[in-house]
1. Output needed for segment 276-357: three equivalent-ellipsoid semi-axes, defined as square roots of 5 times the C-alpha gyration tensor eigenvalues, in descending order, whole Å.
2. Specify the inter-centroid distance of segment 105-134 and segment 213-231, based on alpha-carbon positions, in whole Å.
3. Heavy-atom accessible area of VAL157 with all protein chains present, probe 1.4 Å, nearest 10 Å²?
4. Could you pull out the trypsin sites (Lys or Arg not before Pro) across segment 364-418 that fall in loop regions by DSSP (anything but H, G, I, E, B) with no more than 13 other Cβ atoms inside 10 Å?
5. Give me the compactness ratio for segment 161-255, meaning the Cα radius of gyration over 2.2 N^0.38 Å.
6. Taking amide H atoms as placed 1.01 Å from N in the peptide plane, list the residues 5 or more away in sequence, or in a different chain, whose amide H sits under 5 Å from that of VAL135.
7. How many nm is it between the label spots at ALA242 and ASP443, if each spot is 7 Å from the Cα in line with the beta carbon?
8. Given a Förster radius of 45 Å and the C-beta distance between ASP297 and ALA45 as r, what FRET efficiency does 1/(1 + (r/R0)^6) yield to the nearest 0.05?
Amino acid sequence: MNRLESFHCRTMFKTAIVAAIAAILCGGPSMAATQAVKSGESIQAAVARAAAGDRIEVYPGTYHETVYIDRDGINLQGIVEAGKWPVLDGESSLNDGILVSGHGVTIERIWVRRYKGNGIMTQGANNYRILRNVVEGPCFYAIFPQFGKNGLVAYNVVHGSDDAAIYIGMSDGVDVVHNESYASIIGIESENSRNILIADNYIHDNVMGIATTLLPGLPVKSADNLIIRSNYIVHNNAKNWAPPGAITAGAIPGVGVLILGSDHTVVDGNVIRDHDSAGLVIAETNFFVPTPDDKMDPFPDNAQLLPNVFLNNGSQPAGPIKDLVEAAGAGGGVDVLATGKGHDNCVAERAAITSLGINHYADCAPTATSAAVLTMRPKDPVVNPAYTPQQKGRLTYLAVCTGCHTYDSKLIGPPMVVVKALYGRDALRLANWIAKPTHKRPDYPEMPPQNYLPADVRLAVATYILNELSH
């Protein structure tokens, strides 16, 4: 049995959540047509032929292309035969593996590797499912749902990301369950998102394990109602290789879980062990990201640290964590470290952990548990409205551009105030540059071409950026 098969077998029937997911995955009969893609054929050509709701079966072989799914209800299903997978290989030259803007799309059992940008990304898509895939780097984000609602990311194996391996950006109602993530800067990150369940994942050998973050400069100004439960988070001590100036360059090696500015975050029933800096860090956004944003509250409130297992954490703290520990005269390792800011936070089993900065935390209620929450996904699919061209421009900005840009601070690409100053009111020139960008600034990575977007959509988003976008 190989490593991938072993991992799936270990997690197949682990908790009651699995039964709920299985019921969803094995739903009612389908009336969709089926298309087969064999080795040597094009997956994108099959997508172009497909009608909404069709199933595209991809057979074993190696495919060198970017797949863009812009229609609803497509089921992109990899067929694994005798252990051989369909492999989508970017050859370290293509930017993205699979991009999804259609709603109700399923991506399952595709092996995605060697894309410079994203392995699998959704862009404003709702009701999506990303299941049982393997995504390996080098890439930027392995799995990146952005600005969508009602998503399921389950049973994937991801590694080799230069940022977060699984990155949930500005999303609502997403379950991230039963994945394995390793050899990346962050194993799983939920950024400026709400109603997120991160459960039953195996997160190991990254720079940092799991992070829930509230970052400045983005259009969504909150991160709220997050559960981190029953994960095995171990030995996330890799040296940070992010380039200087990148926001992830501030990720401190050796942190199991980071709560950065997010509210109503529950940490429950995890095994958090063998982290050099600390098992769990709770801090205000400004502790890591100095750029202020007066439209958001950077302090983490209403955190619940319920019973977890902490083992062998904090023996060799680094960066500002080391500074705090040394200033406090703390020794012997720290399981939980907090910067002291935030309100209405609580901790259970206080005596069972070594801690710094949580003396003012209340005791959690003895009966407090997150076990009743089996999913954060809404009961019914999200209704997907039709958009005017102007609305489509704003949605594209939120779903695509904000993955790399904020309004007035550095994220990955330059701030949008710089772009607005450079192009003035010339939306057509910006739209053309979006389709075929050049590398202008040595202190920023090269922007990937967005030529998969239709010309009218590129013009709509350029018009929105230059004429309507404000802080």
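1. With the √(5λ) rule applied to segment 276-357, the semi-axes are 22, 17, 9 Å.
2. 21 Å
3. 10 Å²
4. For trypsin sites (Lys or Arg not before Pro) across segment 364-418 that sit outside H, G, I, E and B with at most 13 neighbouring Cβ atoms in 10 Å, the list reads LYS379.
5. Numbers: Rg = 12.6 Å, N = 95, 2.2 N^0.38 = 12.4 Å.
Here the answer is 1.02, to two decimals.
6. Those lying under 5 Å, H to H, from VAL135 are VAL112, VAL157, VAL158, HIS159.
7. The modelled label-to-label distance comes out at 1.7 nm.
8. 0.40
The values are calculated or read from the model by the stated rules, or taken from the named source; none is laboratory data. Since the model is a prediction, treat every value here as computed from it, not as a measurement. As a convention, Cβ positions derive from the backbone with ideal geometry for all residues, glycine included, and neighbour counts pool all protein chains shown. Surface accessibility is based on the protein's heavy atoms, side chains included, excluding ligands, DNA and RNA. Shrake-Rupley method; radii C 1.70, N 1.55, O 1.52, S 1.80 Å.
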